[in-house]
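Reading through the structure tokens given below for one structure.
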């Protein structure tokens, strides 16, 4: 298996998840941070997850501390912030790098498939990648694009 479904990542509790578990679903991958000006987007992400998970939407949150040191906590602290402050119930993964030589394989793959304004680099927290049911990256969204603003794209992907 290759592409997105050939990748894996460790959840925030340490359990390894193969992306093939999400085969046939529409996946939104987001690099997150708990102390960012965009952190309130967790609410919108959770709203989308609640609204569309039964139709096949999966949201995957990947905390990252590479932008302004805005995710300084340990994995257990990050999990608490997400659950207590925003009611996050979609899968959260261990803190990762999304740029540079140590960037996580999920982000290496997604930034290669969908380069942005900075090429294969991610500009800031809450950059979002939409992956279709077939595992092919569909669209990349800037951090300033709110979850509500990308809902139409998600619905379009769910209906394919």
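Please report the projected area of region 32-118's Cα convex hull averaged over all directions, in nm².
6.3 nm²
Which of these values of P(r) over Cα pairs in 5 Å bins from 0, in percent was calculated from the structure shown: [x] 1, 9, 18, 19, 16, 12, 10, 7, 4, 2, 1, 0; [y] 2, 9, 20, 24, 24, 15, 5, 0; [z] 2, 6, 5, 6, 4, 4, 4, 4, 4, 3, 4, 3, 3, 3, 3, 3, 3, 3, 3, 3, 2, 2, 2, 2, 2, 2, 2, 2, 2, 2, 2, 1, 1, 1, 1, 1, 1, 0, 0, 0?
[y]
Using only DSSP helix segments of four residues or longer, with each worth -39500 (n - 2.57), what per-residue ellipticity at 222 nm results for the chain after dividing by its residue count and rounding to 500?
The per-residue figure over the chain is -7500 deg cm²/dmol.
Mind giving me the nanometre distance, one decimal, between the label points for residue 77 and residue 108, set 7 Å out from Cα along Cα→Cβ?
2.9 nm
Just for region 26-158, what percent of DSSP beta bridges are antiparallel, to the closest 5?
Looking only at bridges with both residues in region 26-158, the antiparallel portion is about 50 percent.
Between region 1-74 and region 86-128, what's the alpha-carbon centroid distance in Å?
Using only Cα atoms to place each centre, the spacing works out to 9 Å.
Most exposed first by the Cβ proxy, i.e. fewest other Cβ within 10 Å, how do 118, 19 rank?
Fewest-to-most ranking of 118, 19: 118, 19.
Set the Förster distance to 41 Å, then compute FRET efficiency between residue 120 and residue 159 from the Cβ-Cβ distance, nearest 0.05.
With a Förster radius of 41 Å, E is 0.90.
Could you grab the Rg to Rh ratio for region 75-160? Cα atoms only, Kirkwood for Rh.
0.97
Taking a virtual spin label 7 Å from the Cα of residue 15 along the C-beta vector, which residues in region 82-107 bring their backbone nitrogen under 17 Å of it?
Once the point is set 7 Å along Cα→Cβ of residue 15, 83, 88-95 turn out to lie under 17 Å by backbone N, inside region 82-107.
Read-outs throughout are calculated quantities, based only on the coordinates presented, and are distinct from any laboratory measurement. Computed from a predicted model, the values in this text were never measured in an experiment. Cβ atoms come from the backbone with ideal geometry, glycine included; neighbour counts cover every protein chain shown.
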